[in-house]
2 protein chains.
Amino acid sequence: MALISTLTPVFVAILCVVVAFILKTRRWSESSSAQKSSSGGGSGPEARPWVDEDLQDDTEISGRENEDDDWAVDDWTEDLAHVPYTPRRYPEEEMLERSKHFYALLNERRSVRFISPEPVPREVIDNVIRAAGTAPSGAHTEPWTFVVVADAETKHKIREIVEEEEEINYKQRMGDKWVHDLRRLRTNWVKEYLDTAPYLILIFKQTYGIMPAGKKKTHYYNEISVSISCGLLLAALQNVGLVTVTSTPLNCGPQLRVLLHRPANEKLLMLLPVGYPAPDATVPDLSRKDLKDIMVFV
Amino acid sequence: MALISTLTPVFVAILCVVVAFILKTRRWSESSSAQKSSSGGGSGPEARPWVDEDLQDDTEISGRENEDDDWAVDDWTEDLAHVPYTPRRYPEEEMLERSKHFYALLNERRSVRFISPEPVPREVIDNVIRAAGTAPSGAHTEPWTFVVVADAETKHKIREIVEEEEEINYKQRMGDKWVHDLRRLRTNWVKEYLDTAPYLILIFKQTYGIMPAGKKKTHYYNEISVSISCGLLLAALQNVGLVTVTSTPLNCGPQLRVLLHRPANEKLLMLLPVGYPAPDATVPDLSRKDLKDIMVFV
């Protein structure tokens, strides 16, 4: 007992150090992970200001709102009939011609920030959205909603929301390096095209689906699927001679979702102003990588 | 001193409890976060087995390997000249015709898992990759690498890696619900097309770029950009009458990256087998959503 009594101060000292150390490491790991998920400024690799928290799936943000989820299963378990598939086949010479022609068409595409207010036939817009809707998606969930805004007042409200956030992005969130990287493209937070373009297409990803019975349905790879469908949309727009610029308004998602009355399972992924190019439209004098710089043949 | 001596056993006891408690909570939070980021099974919203850790940016996985980064800036700060842009403009009737025709073309596309071994002209593949390379990208970083595999031995090695991982995915990682969701598409972990397709196109996203001086360059939105370029690739393939299936091999990225000698800044995003459809090819009898179900007009 005497031995213990004399040793206990040592025990206490050791234990205090242990506790202090553990608490310290815990606090550190907590703060670092918090920093990782925040949209705080800075341009280092660990700060990722271009990652919009609202772009994350609900499941990525927090499990809380999903605690009471009742995920639909039954209506997905039946097998589908499989049918023969014999698409059109072209002779080799024609294939080659078509591949050259399609590359030439897409290679003409540029991101255009100067859009003419001239009207564009609504039916053309319907068809480019239909084309985008043919994209593949994880387990055929088709997790996309295309909100086409033609109403001038709504377009202006969108502009106000985007410019307000973008100014904060440029001045605070993005960090000097990103602003530098964008300077050469002469982009800033003033987005006149949000008023002038005859149509704004806001592309929402559905982070989960809602079955007729109100049950939720998992949307696998929904961001990749919706981005692929955006690729088809860009090709469809280029094919009819319309221009756009692929924008990802940082941190505007929640406000725009509310403005456009979209449900909670939808997150804004991209905003595309669509129209004819302005007569005096210019684009930065960029070139694209050569085939040898993007393709590796094995 | 006597007081302390008599109290110290109590101190020790309390401190032991505190330490035990802290260690316990730490271990719990560690294991739960590990489970979240791992591909562990289950089908609830908090378990996300379809999220491949290797698909995350390095910055998302850990800051460690980036500690000593030296991010290039200077060569990005100069302004580019801006040049007039006057793309081809079509009369309204022609626009409408083109939009209908392009939608009809893309609407014929299906994901095909039965691919013919017939050879396909290499030049056609070059052109569809060129077309994919015209996609827009964050700050024009063009963060994609298309690895085209025609070598039979390499294709078979890829098949072995993918099938081994996929079998584990189906049996352990994905959870019953996902397996159910895929059953209707009759997909499983046997991927014969990885041997039979004349070409496998493995699409890597570059999570950061490397400047001539060896400095690193941020790649904004690299996953969205590469997914958009995959959309252009799918359109280009459909345009020449070739078929593919958009696959995202879960957890195969690191092995395939090593097999194909790709650098550490590249992560496998998608794997597309490409060729003519097999004569007896079938597809699940799926339909696509109507325009009214994917478009909202404001």
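Structure above, values below:
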{"quantity": "Any chance B:LEU233 is without any contact (Cβ under 8 Å) to a residue 40 or more places away in the chain and within 19 Å of A:GLY133 (Cα to Cα)", "calculated": "no"}
{"quantity": "Meets criteria (part of a helix (DSSP H, G or I) and either in contact with a His (Cβ under 6 Å, 6 or more places away or on another chain) or not acidic (Asp, Glu) (or both)) for A:VAL296", "calculated": "no"}
{"quantity": "Any chance B:ARG89 is modelled with pLDDT of 95 or more and among the basic types (Lys, Arg)", "calculated": "yes"}
{"quantity": "Any hit, segment A:258-275, residues being surrounded by fewer than 21 Cβ atoms within 10 Å (Cβ to Cβ), within 30 Å of A:GLU118 (Cβ to Cβ) and in contact with an Asp or Glu (Cβ under 7 Å, 6 or more places away or on another chain)", "calculated": "no"}
{"quantity": "Qualifying positions in segment B:123-155 - under 26 Å from A:GLU94 (Cα atoms), part of a helix (DSSP H, G or I) and in contact (Cβ under 8 Å) with a residue 12 or more places away in the chain", "calculated": "B:VAL124, B:ILE125, B:ASN127, B:VAL128, B:ILE129, B:ALA131, B:ALA132"}
{"quantity": "Any chance A:TYR276 is aromatic (Phe, Trp, Tyr) and farther than 17 Å from A:LEU200 by Cα", "calculated": "no"}
{"quantity": "1 or more residues among the acidic types (Asp, Glu) and more than 10 Å from chain B (Cβ to nearest Cβ): qualifying helices (runs of 4 or more DSSP H) within segment A:188-261", "calculated": "A:193-196"}
{"quantity": "Residues within segment B:141-166 that are basic (Lys, Arg) and open to solvent by 20 Å² or more (accessible area, probe 1.4 Å), tallied", "calculated": "2"}
{"quantity": "Meets criteria (part of a loop (DSSP other than H, G, I, E, B) and either at the interface with chain B (Cβ under 9 Å from one of its Cβ atoms) or modelled with pLDDT of 95 or more (or both)) for A:ASP79", "calculated": "yes"}
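For every residue, the table says whether it meets (1) of a type in the set (S, T, N, Q); (2) within 17 Å of A:PRO254 (Cα to Cα); (3) at pLDDT below 90.
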{"site": "A:ILE168", "(1), (2), (3)": "no, yes, yes"}
{"site": "A:ARG183", "(1), (2), (3)": "no, no, yes"}
{"site": "A:THR196", "(1), (2), (3)": "yes, no, no"}
{"site": "A:TYR199", "(1), (2), (3)": "no, no, no"}
{"site": "A:PHE204", "(1), (2), (3)": "no, yes, no"}
{"site": "A:THR207", "(1), (2), (3)": "yes, yes, no"}
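The values are calculated or read from the model by the stated rules, or taken from the named source; none is laboratory data. What you are looking at is a predicted structure, and each value in this text was computed from that prediction instead of being measured. Counting neighbours? That spans all protein chains shown, and the Cβs are built from the backbone with ideal geometry, glycine included. Just so you know, the surface numbers come from the protein's heavy atoms only, side chains and all, with ligands and any DNA or RNA stripped out. Shrake-Rupley method; radii C 1.70, N 1.55, O 1.52, S 1.80 Å.
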